[in-house]
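Worksheet: one structure, shown below.
The values are calculated or read from the model by the stated rules, or taken from the named source; none is laboratory data. Here the structure is a predicted model, which is why all the values come from computation and not from measurement. Positions of Cβ are backbone-derived with ideal geometry, glycine not excepted, and every protein chain shown enters the neighbour counts.
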Amino acid sequence: MATNNTLKFIRTAQTMIGIAAVSAALHVHAQNVASAPSAASAAAPAPAASASKSSRAADRALRRRVLTALGKAKGLRPSGITVRATAGDVLLEGWVPEQAQIDQATRVAQSVQGVKTVRNTLTLSTF
């Protein structure tokens, strides 16, 4: 059975290990913060919270419009397609069963109002 002194030693060792881990984490965090560009040297100031919310809402609305257009396109099966939208830039990810649908998805997405660019990373899959 462990003596009282042994238990104290184990608890002290555990505490010291915990302190060392926290210290190392803070050191890494401090290095990351120091290497990041300062607010004064940043190219653009951070957007306000309300502007950020409105841009996320606009991105979601654009994503829905693209998904709707893909769903209405004849000969296109969009069930395996994921759409991401950021400030008018659209990313198509996922899979389609035929090569022709990859190009068709790009054309359909480009035709949606508000889309600036389309990056298509769709792949073929016959699942």
Within region 91-127, residues being among the aliphatic types (A, V, I, L, M) and part of a helix (DSSP H, G or I) number 5
Would you mind stating whether SER111 is surrounded by 12 or more Cβ atoms within 10 Å (Cβ to Cβ), at pLDDT below 95 and not hydrophobic (A, V, I, L, M, F, W, C)?
no
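Here are THR82, THR126, THR106: which of them is out of contact with any Asp or Glu (no Cβ under 6 Å at 6 or more places or on another chain) and under 18 Å from ASP59 (Cα atoms)? Quick ask: steps written out before the conclusion?
Numbers: THR82 fails: out of contact with any Asp or Glu (no Cβ under 6 Å at 6 or more places or on another chain); THR126 fails: under 18 Å from ASP59 (Cα atoms).
Selected residue: THR106, the only one of THR82, THR126, THR106 that is out of contact with any Asp or Glu (no Cβ under 6 Å at 6 or more places or on another chain) and under 18 Å from ASP59 (Cα atoms).
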Pairing a residue in region 98-116 that is assigned by TED's automatic domain parsing to the domain that holds LEU67 and touching a residue at least 40 places away in the same chain (Cβ under 8 Å) with any residue that is part of a helix (DSSP H, G or I) and surrounded by fewer than 15 Cβ atoms within 10 Å (Cβ to Cβ), where Cβ atoms lie under 6 Å and the two sit 6 or more apart in sequence or on different chains, gives none
